[in-house]
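Below: the structure, in C-alpha cells.
Please treat every number below as a calculation from the coordinates, not as lab data. Being a predicted model, the structure only gives us computed values, none of them experimental. We place every Cβ from the backbone using ideal geometry, glycine too, and count neighbours over all the protein chains shown.
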Amino acid sequence: MNLLTLLIRCGLAVLLVSALSALSAQAAGLQPWQIVSGDLPPFAIEHAPKRPGLLVELVEAMSARAGQPSKVQFFPWARALAMASSQPRTAILPLTRTPEREASFQWLVRLYVQRFAFINYRSKPPINSLDSARQQRIVVLRGSPNYLQLMQHGFLPNQVVQASSTEEMQRFLERGLVDAIYGGDVINLEKVRSSGHQLADFQVGMVLASGDVWLAAGKGMEEAERNALQAAYDSLQADGSLARLFARYGLTPP
C-alpha cells in the first residue's frame with residue numbers, strides 16, 4: 001500500500017468515526033463538550049490567540065476532525081482541574097496521568113511526556129540530588145502532581161510552597177521566597193523565556209520523575225467520542241500535521 005492510499009483510507013476512516021461520534025452525541029441528547037486549561041507554555045498559552053500553545057492547537061485540530069469543534073478556555077490551573085473533575089463533559093489539558101488520578105478521569109488521548117525537574121539560578125549550586133534538594137525551599141504548581149511527589153520523597157510540608165500559576169512560581173523565585181522551582185522543565189523554562197528573563201541565568205538540575213500528559217475528562221464522554229478523538233490524533237500523525245505542529249514549537253512528538 002503506497003502512502004497516498006494510506007492517507008486516503010486514514011482520512012475516510014476519520015470522517016466515518018467523526019460522523020458516528022457526532023450522531024452518537026446528538027442521539028444521546030448530550031450537551032456540547034468544553035475544554036479547559038491553565039497558562040502552561042508552550043503547551044497552553046493564555047492571551048496569545050495567534051500562538052495559543054502546542055497542545056491547544058493539537059486538541060483543537062483533533063476536535064475539529066472528530067466532528068465536535070471546540071476552543072480551549074483558560075482558567076487558573078487548580079480551578080480548571082476542579083471544573084474537569086466536577087462538571088460533566090469538561091475535558092482538560094495537559095493533565096499528567098498518575099495513580100492517584102487514574103480512577104477520577106476518562107483518559108482520552110495521550111499527548112506528550114514531560115519531565116519534572118528542579119530549576120534554580122545558575123549563580124547557586126545546582127540541585128543534582130535529593131539530599132541537596134531537601135535543604136532547599138521549593139515552589140510547585142498548585143493542582144499538579146508535584147507536591148505529592150516531593151512528599152513521597154521525604155520533603156516536609158513547610159519546605160514546599162504551592163503557587164497558583166507558573167508566573168507566580170517565577171515571582172517567588174525572583175523575590176527569594178524560595179530557592180528553586182520543581183515542575184515540568186519544558187513549561188517552566190518556556191515561562192522564563194517568555195517573561196523576558198535570560199535562560200542562561202537558570203539551570204536544570206535533577207529530574208525526579210516523568211509522566212505522560214493526556215487530554216482527559218472527569219466524566220460524560222461517550223465511547224464513540226473518545227474513539228473519534230483518537231482517530232483524529234492518528235490521522236494528524238499519519239498526514240504529517242502532528243510533526244509540523246511540534247516543529248513549530250521546537251519540540252519532538254512523543
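Between Ser86 and Arg122, the FRET efficiency from the beta-carbon distance, with R0 = 45 Å, is close to 0.60. Listed peptides 99-105, 175-181, 225-231, 44-50 appear in the order 225-231, 175-181, 44-50, 99-105 once ranked by packing, highest mean of other Cβ atoms within 10 Å at the front.
Helices assigned as whole DSSP H runs in the chain whose Cα atoms extend at least 18 Å along their own long axis and whose mean Kyte-Doolittle hydropathy is -0.5 or higher are found at 3-27. Residue order for Tyr121, Tyr147, Tyr112, fewest other beta carbons within 10 angstrom first, comes to Tyr121, Tyr147, Tyr112. Counting beta carbons within 10 Å around each of Trp77, Trp33, Trp107 and listing the fewest first gives the order Trp107, Trp33, Trp77.
Counting only DSSP beta bridges with both residues in region 32-160, tell me the antiparallel percent, nearest 5. Don't skip to the end; give the middle numbers.
Details: 1 of 8 bridges.
Expressed as a percentage, antiparallel bridges in region 32-160 total about 10.
Need the full-extension length gain, Arg244 to Ala64, defined as separation in residues times 0.36 nm minus the C-alpha distance. One decimal, nm.
Full extension from Arg244 to Ala64 adds 63.0 nm.
In region 117-207, the ratio of gyration radius to Kirkwood radius, Rg to Rh, stands at 0.92 when only Cα atoms are counted. Listed by chain and number, the lysines whose C-alpha is less than 29 Å from the C-alpha of Lys124, apart from same-chain residues fewer than 8 away, are Lys191. When the Cα convex hull of region 61-197 is projected onto planes of every orientation, the mean area is 9.5 nm².
Which value, in Å to one decimal place, does the Kirkwood hydrodynamic radius take for the chain when every pair of different Cα atoms is included? Please list the in-between numbers first.
Details: mean 1/r = 0.0520 Å⁻¹.
After inverting the pairwise mean of 1/r, the radius is 19.2 Å.
Ranked by the mean number of other Cβ atoms within 10 Å per residue, highest first, peptides 211-219, 122-130 order as 211-219, 122-130.
Can you put Phe75, Phe116 in order, fewest other beta carbons within 10 Å first?
Numbers: Phe75 17, Phe116 23.
The fewest-first ordering by Cβ neighbours comes to Phe75, Phe116.
As a calculated quantity, the FRET efficiency between Ser210 and Ala48 at R0 = 30 Å, using C-beta atoms, amounts to about 0.70. In terms of the mean number of neighbouring beta-carbon atoms within 10 Å, the peptides 137-146, 242-251 order highest first as 137-146, 242-251.
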